[in-house]
Protein chains: 2
Amino acid sequence: MENFNFYSPTEFVFGRDRENECGAYVKKYGGKKVLIHYGGGSAVKSGLIDRVKKSLNDAGVPFVELGGVHPNPIDTKVYEGIELCRKENVDFIVAVGGGSSIDSAKAIAMGVPYEGDFWDFYSGKAPAAALPVATVLTIAAAGSEGSGDSVITKVDGMLKRGAGSDLIRPRFSILNPALTCTLPAYQTACGVTDIMAHVFERYFTNTTEVEITDRLCEAVLCTMVKEAPRVIADPNNYEARANIMWAGMVAHNNVCGVGRGQDWNSHAIEHELSAMYDCAHGAGLAVIMPSWMEYVMNHNVMRFAQMATRVFGCAMNFENPAETAKAGIKAFRAFLKSIGMPINFAELGAKVEDIPEMVRKLNPGNGWGFQPLKAADVTEIYNIAAKASV
Amino acid sequence: MENFNFYSPTEFVFGRDRENECGAYVKKYGGKKVLIHYGGGSAVKSGLIDRVKKSLNDAGVPFVELGGVHPNPIDTKVYEGIELCRKENVDFIVAVGGGSSIDSAKAIAMGVPYEGDFWDFYSGKAPAAALPVATVLTIAAAGSEGSGDSVITKVDGMLKRGAGSDLIRPRFSILNPALTCTLPAYQTACGVTDIMAHVFERYFTNTTEVEITDRLCEAVLCTMVKEAPRVIADPNNYEARANIMWAGMVAHNNVCGVGRGQDWNSHAIEHELSAMYDCAHGAGLAVIMPSWMEYVMNHNVMRFAQMATRVFGCAMNFENPAETAKAGIKAFRAFLKSIGMPINFAELGAKVEDIPEMVRKLNPGNGWGFQPLKAADVTEIYNIAAKASV
């Protein structure tokens with residue numbers, strides 16, 4: 001196990017009706033003037049934004065609001081938010097929605113006290129300060145409610161880049177599984193895929209003898225395998241929604257990933273897909289991740305065999321572990337298909353002829369992770385993804 | 001899943017040589033005058049206390065020290081610590097050691113700013129303030145490095161009682177697995193047993209459909225089953241020590257226990273053993289917990305069968321799940337025996353004739369947890385424990 005720090009100071013406020021406590025928690029964590037930041041109309045139409053506003057009013061905390069966050073959040077909205085916060089003397093941001101609203105809120109939080117361009121933080125600079133952020137989560141997927149990470153797309157060039165700092169870890173996150181019940185099956189499955197991908201990026205490591213984090217990863221994965229079909233079959237299954245929602249946090253606050261090398265190549269490869277086609281991140285991952293697995297499997301067959309047996313219940317082939325590994329990857333792709341995810345370019349709406357452009361933009365070369373990848377490797381992974389089937 | 005709050009704000013600083021950063025972290029978290037609080041001579045003899053002092057000197061943070069914490073920490077030492085902190089204007093406590101030093105430090109932390117008797121907090125009162133606490137952990141067992149809990153024994157009457165508050169969650173905890181390599185096999189096994197017990201107390205619940213927390217519990221348990229024999233066979237196995245150490249934190253910061261009813265009857269029943277015989281808490285749990293399992297198994301046979309198959313690899317007997325459940329309990333007790341734990345009263349040094357006195361002190365009756373227990377039930381569990389064998 002490698003040396004590590006683990007720090008997840010967010011207070012998680014989980015369960016039915018907890019959004020009504022938002023104002024009280026803002027007050028607890030010192031907010032005096034709030035920006036409510038959210039996406040499309042669903043949070044408004046459902047009455048959620050009104051409930052959040054009421055709880056702020058009840059707590060005596062004034063607020064302004066900024067909606068219209070894009071599903072892959074973009075820099076122009078961040079600039080708008082920074083300007084609004086400065087003008088209105090906002091000192092606390094509450095993101096209502098999924099990863100997009102939260103990531104946009106985190107970008108605004110870093111940008112407000114910074115004199116330069118907030119994009120600096122998405123180009124490698126570490127922030128020195130940030131407004132406190134909190135979340136009212138409506139989609140179990142990104143894990144941003146418990147992470148210090150944020151991903152923003154720069155419209156000019158459609159560059160999708162990440163930033164990370166403990167300063168943008170939410171002070172509190174309200175997780176009410178009932179809020180996710182209105183989510184369409186497709187978005188629900190995208191979320192499940194994203195959660196599984198967050199774990200797989202940590203699971204495929206070159207660090208040996210990390211049983212506890214292996215097992216924690218498998219705990220989240222087994223939960224997805226059990227709960228996702230239940231929630232696809234019955235969107236109003238609160239218990240299944242609750243298990244997925246808590247698993248989504250555990251998958252990405254890094255308790256499953258400490259002390260070990262991580263990969264994240266599938267995320268990088270997928271980001272070019274969602275940047276180019278504006279598809280859902282989870283859908284892109286459903287296409288990319290099993291293809292990446294096929295391509296890198298021989299780097300450590302036994303690790304894939306472990307996944308196959310422990311997560312997907314495949315029988316271990318002791319004479320030929322590679323067959324078990326392949327069966328596990330096949331089971332993963334079949335699982336994704338079964339919950340309604342695309343598994344190849346055609347189903348996603350991606351085009352083979354764009355592969356060179358995506359590889360160019362991704363610009364691999366230094367190589368990192370489980371199996372370092374160069375441009376030719378990434379091209380081949382896109383090619384596998386293009387024609388994948390179950 | 002029940003509504004819950006989860007809050008674990010401690011910064012965990014994990015790995016080789018990290019104790020040398022203690023001073024820097026005290027400074028980061030605002031400490032100006034430290035009490036170093038520890039137990040017996042081993043932390044001194046090993047040079048650990050000197051390294052902690054050096055790191056405080058290097059950071060320019062003055063300190064006083066108070067050693068001699070008893071393995072089941074007692075109130076008289078707490079009073080001594082409170083007096084010392086007040087006299088020396090201590091504003092930050094660093095506990096060096098295992099759960100005893102940490103729990104004693106937490107008690108002192110609550111007592112210093114309180115005008116009344118600190119024992120009030122161990123009698124149900126919630127503290128309004130506490131000095132910040134940090135830890136340098138030398139024993140993987142209690143999980144106190146990541147919890148808001150503390151257990152203290154009142155010498156007058158040998159009453160062992162607990163207190164809990166977010167105020168006493170450590171600001172940071174330094175976990176260097178190498179520091180646990182000098183721990184004798186018996187204490188190591190006691191720690192493993194305690195870690196498993198912390199999980200089982202959460203695992204046996206009447207809350208249904210809590211797959212994610214079930215799986216997280218099983219992750220810790222499976223890790224213990226794999227790693228404990230390796231560390232008993234080779235005390236210097238750093239990797240096994242590291243897995244056990246991180247699992248010990250995960251087992252008790254409640255990420256495995258949120259949103260579900262918990263039991264804790266075995267802990268209560270054991271506390272009377274260690275209060276009466278001053279035995280190691282883990283050893284007492286090794287005697288009590290499998291006996292408790294046997295007694296309550298019929299309350300939910302399928303839950304015990306789940307444990308048997310998922311944790312101990314027992315084959316599921318679909319015609320007679322109770323046989324699987326029994327096999328799992330048997331496997332647990334055999335595992336404890338294999339790592340050198342006592343499994344009955346004789347091996348622990350307890351006496352059958354003291355059972356009525358322990359039941360009287362425990363004073364069950366209101367009943368709580370997985371299967372509420374009355375005095376007759378507890379008596380029977382002690383009786384099973386008295387004569388247990390593998």
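List of remarks:
- For the residue pairs A:LYS28/B:LYS106; A:LYS33/B:LYS106; A:LYS87/B:LYS32, the C-alpha atoms sit more than 31 angstrom apart in A:LYS33/B:LYS106; A:LYS87/B:LYS32.
- Fraction in percent of alpha-carbon pairs per bin - 20 Å, the protein assembly as shown: 16, 48, 32, 4, 0
- Peptide A:204-215 has a mean shielding of 6, counted as Cβ atoms of other protein chains within 10 Å of each residue's Cβ.
- Cα-centre dipole for chain B with unit charges at Cβ (Lys and Arg positive, Asp and Glu negative), debye to 20: 580
- Loop-resident sites, region A:9-61, for trypsin sites (Lys or Arg not before Pro), counting at most 13 other Cβ within 10 Å (DSSP): A:LYS32
- Selected from B:VAL378, B:VAL155, B:VAL90 as most flexible by GNM, with chain B as the system and alpha-carbon contacts under 10 Å: B:VAL155
- Nm distances between copies for B:TYR79, ranked from closest, using label points 7 Å along Cα→Cβ: 6.9
- Inter-centroid distance (Cα atoms) of region B:325-390 relative to region B:193-242, Å: 20
- Sequence-distant residues sharing a close amide H with B:SER173 (under 5 Å, placed H): B:GLU11, B:PHE12, B:VAL13, B:THR135
- Shape of region A:150-279, Cα gyration tensor, a/c cut at 1.5: oblate
- Residue order, fewest to most beta carbons within 10 Å, for B:ASP354, B:ASP234, A:ASP214: B:ASP234, B:ASP354, A:ASP214
- Of the residues A:SER144, A:SER123, A:SER266, the one that moves most in a GNM of chain A with alpha-carbon contacts below 10 Å is A:SER123.
- Computed FRET value (nearest 0.05) for A:ASN89 with B:GLU80, which takes r as the C-beta separation and R₀ as 45 Å: 0.35
- Less than 5 angstrom separates the built amide H of B:LYS160 from those of B:LYS154, all sequence-distant by 5 or more or on a different chain.
- Region A:237-360: translational diffusion in µm²/s, Stokes-Einstein, Kirkwood Rh over Cα pairs, 10 °C, 1.306 mPa s: 99
- Each of A:GLN187, A:CYS217, A:SER173 was placed along the dipole of region A:173-278 (beta-carbon charges, centred on the mean Cα), and the one lying farthest toward the positive end is A:SER173.
- Degrees separating the helix A:75-88 axis from the principal Cα axis of chain A, which is the longest one: 20
- The charge dipole of region A:251-354, taken about its Cα centre with unit charges on the Cβ atoms of Lys, Arg (+1), Asp and Glu (-1) only, comes to about 440 debye.
- Gap separating the Cα centres of region A:1-73 and region A:76-128, nearest whole Å: 15
- Partner lysines whose Cα lies under 19 Å from the Cα of A:LYS330, excluding those fewer than 8 positions away in the same chain, are identified as A:LYS226, A:LYS387.
- Rounded to the nearest 20, the Cβ-based charge dipole of the protein assembly as shown about its Cα centre (Lys and Arg +1, Asp and Glu -1) stands at 260 debye.
- Estimated translational D of region A:162-215 in µm²/s (Stokes, Kirkwood radius over Cα pairs; 4 °C; 1.567 mPa s): 90
- When the square roots of the Cα gyration tensor eigenvalues are ordered a ≥ b ≥ c, the ratio a/c for chain A is 1.5 or more and a/b exceeds b/c, which makes its shape prolate.
- Fully extended contour minus Cα-Cα distance, from A:VAL390 to A:SER123, at 0.36 nm per residue: 92.3 nm
- Angle in degrees between helix A:375-386 and the longest Cα principal axis of chain A, rounded to the nearest 10: 90
- Region A:229-294: C-alpha gyration tensor shape, a/c 1.5 cut-off, then a/b vs b/c: oblate
- GNM top mover of B:GLY257, B:GLY124, B:GLY340 - chain B, alpha-carbon springs below 10 Å: B:GLY124
- Taken residue by residue and averaged, Cβ atoms of other chains lying within 10 Å of the Cβ of B:218-225 number 5.
- Under 17 Å from the Cα of A:LYS27 - aspartates and glutamates, other chains or at least 8 residues apart: A:GLU11, A:GLU19, A:ASP58, A:ASP91
- Per-residue average of Cβ from other chains inside 10 Å of A:71-77: 0
- DSSP beta bridge pairing in the protein assembly as shown, given as percent antiparallel to the nearest 5: 30
- Cα-based helix-to-principal-axis angle, B:48-58 vs chain B, degrees rounded to 10: 40
- Calculated SAXS-style log₁₀ I(q)/I(0) at q = 0.08, 0.12, 0.13, 0.18 Å⁻¹ - region B:11-179, Debye, Cα scatterers: -0.19, -0.45, -0.53, -1.05
- Applying the Kirkwood pairwise sum to the alpha-carbon positions of region B:1-81 produces a hydrodynamic radius of 14.7 angstrom.
- Antiparallel bridge percentage (DSSP; both residues within chain A; nearest 5): 20
- With a simple spin-label model that places each label point 7 Å from the Cα along the Cα-to-Cβ direction, the separation between A:ALA233 and B:GLU380 comes to 3.7 nm.
- From phi via Karplus (6.51, -1.76, 1.60), per-residue ³J(HN,Hα) for region A:228-241 in Hz, x at Gly/Pro: 4, x, 5, 7, 5, 5, 9, x, 8, 6, 4, 5, 5, 4
- DSSP beta bridge pairing in region B:11-179, given as percent antiparallel to the nearest 5: 20
Just so you know, all these numbers are worked out from the coordinates, no wet-lab data involved. Everything quoted here is computed from the prediction, not taken from an experiment. Here Cβ is always computed from backbone atoms with ideal geometry, including for glycine, and neighbour counts include all displayed protein chains.
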